[in-house]
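I have placed the structure first, in the form of structure tokens, so that the comments after it can refer back to it.
The values are calculated or read from the model by the stated rules, or taken from the named source; none is laboratory data. This one's a predicted model, so the numbers in the text were calculated from it and none came from an experiment. Cβ coordinates were reconstructed from backbone atoms using ideal geometry, including for glycine residues, and neighbour counts include every protein chain displayed.
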Amino acid sequence: MKQRSLWKALLVIGSLCMAAPVLADSSFRVIASFSVLGDLVKRVAGDEIDVVTIVPRGQDVHRWELTPPNVLAIEEADIVFYNGFGLEPWLRHVEAMAGNDLRLKAVAEHADFTPLPTPVGRLEGAPDPHMWMDPAGASAYVEVIARTLAERYPQKAEGFRVRAEETRRSLGLLAERIHERLQGIPQTNRVLFTSEAGMAYFARAFGFEYAAIWGSNGETLGSAFDMAAMSERLTHTRPPALFFESTTPYIHMDALSRESNIALAGPLYVDALGDSDGTAYNYPAMLTHNAELLHMALGGARP
């Protein structure tokens, strides 16, 4: 109860200090926890539903702290879609302030998609939350989103169903295009090493050996132990390039790159979309950007 009162106080203070987010005229309001999930929710929800994203483009979903505009948006929402499996540690604050009318939906935890274990770090063995990095995982998200929206807004259920089917069909085509683009990378070069362990589902879907320095951006980044373990691995496995991500400091991979004399490439987009005018402006563009980067850095056949 104390926690909820604290967030109510924050709401009042924030409303005095900052303007509330601009919402459309619709009385149907939905929240997505971060930009990648927000893109998928918008594809299913269509134009009749306001979709507000808590963690904006380019920001780390693991380390976000709620802002007064976030709190205002949550107070006015019908549904909060979040990933789950520990991706959003700050979600406990949303749960503390949620009223009886607000539905919280952990999309990954309800998706019909087999999770991989987190391969390294403090959460090693726990379900890896980054399911959306496989288009089949994103497609499973779309099913959960459509079903949840239809339960809350039954009068719009047919529109959700149609848009979900269209989205899932386009995700299937996206996967085919990525497979085709990555086919030219020689088998000996199909090694993907990143900072955070966020690309395991992508690696499984498209046939890469995979390793990372740490498990989640929510833990200590680049500890001496983790860096030494990756350095040791690089003495046995030498990929054409090492990769850093858009929401992680590149200094750790840069240090390993210099030490091992292996090229550094990036950024890969995993936990956030890029700028609206950039190459990773929505979900399909994000995966396409990543595929192009891997193709170039790992010696894919031209063009």
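Can you tell me which of R168, R103, R122 is touching a strand residue (DSSP E or B) at 6+ places or on another chain (Cβ under 6 Å), in contact (Cβ under 8 Å) with a residue 24 or more places away in the chain and not aliphatic (A, V, I, L, M)? Break it down stepwise before answering.
Numbers: R168 fails: touching a strand residue (DSSP E or B) at 6+ places or on another chain (Cβ under 6 Å); R122 fails: touching a strand residue (DSSP E or B) at 6+ places or on another chain (Cβ under 6 Å).
On inspection, the qualifying residue turns out to be R103.
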Can you confirm whether L268 is farther than 25 Å from A175 by Cβ, buried (at least 16 other Cβ atoms within 10 Å of the Cβ) and of a type in the set (A, V, I, L, M)? no
Please list, ordered by first then second residue, the pairs with beta carbon atoms under 6 Å, 6 or more apart or interchain, first in region 133-158 and at positive phi and without any contact (Cβ under 8 Å) to a residue 24 or more places away in the chain, second crowded, with 24+ Cβ neighbours inside 10 Å and in a helix (DSSP H, G or I). none
Take the conditions loosely packed, with under 15 Cβ neighbours inside 10 Å and closer than 24 Å to L116 by Cβ and apply them to G218. Does it pass? no
Any residue in region 122-134 that is within 30 Å of S27 (Cβ to Cβ) and either in contact with a helix residue (DSSP H, G or I) (Cβ under 9 Å, 6 or more places away or on another chain) or not assigned by TED's automatic domain parsing to the domain that holds M230 (or both)? yes
Going by what's in this entry, would E259 be described as in contact with a helix residue (DSSP H, G or I) (Cβ under 7 Å, 6 or more places away or on another chain) and acidic (D, E)? yes
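Only one residue in L23, L11 is at pLDDT below 95 and farther than 30 Å from V162 by Cβ, so which one is that?
Working: L23 fails: farther than 30 Å from V162 by Cβ.
So the residue among L23, L11 that is at pLDDT below 95 and farther than 30 Å from V162 by Cβ is L11.
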Take residues that are at pLDDT below 95 and at negative phi and tell me which of the helices (runs of 4 or more DSSP H) falling wholly in region 65-117 contain 1 or more. 68-75, 91-97
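Each row is one residue, and each column tells you yes or no for (1) among the aliphatic types (A, V, I, L, M); (2) touching a residue at least 40 places away in the same chain (Cβ under 8 Å).
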site: G218; (1), (2): no, yes
site: D226; (1), (2): no, yes
site: H236; (1), (2): no, no
site: P239; (1), (2): no, yes
site: E245; (1), (2): no, yes
site: H252; (1), (2): no, yes
site: S260; (1), (2): no, no
site: V270; (1), (2): yes, yes
site: L298; (1), (2): yes, yes
Filtering region 95-145 down to residues that are under 15 Å from I79 (Cβ atoms), small (G, A, S) and crowded, with 19+ Cβ neighbours inside 10 Å yields A106
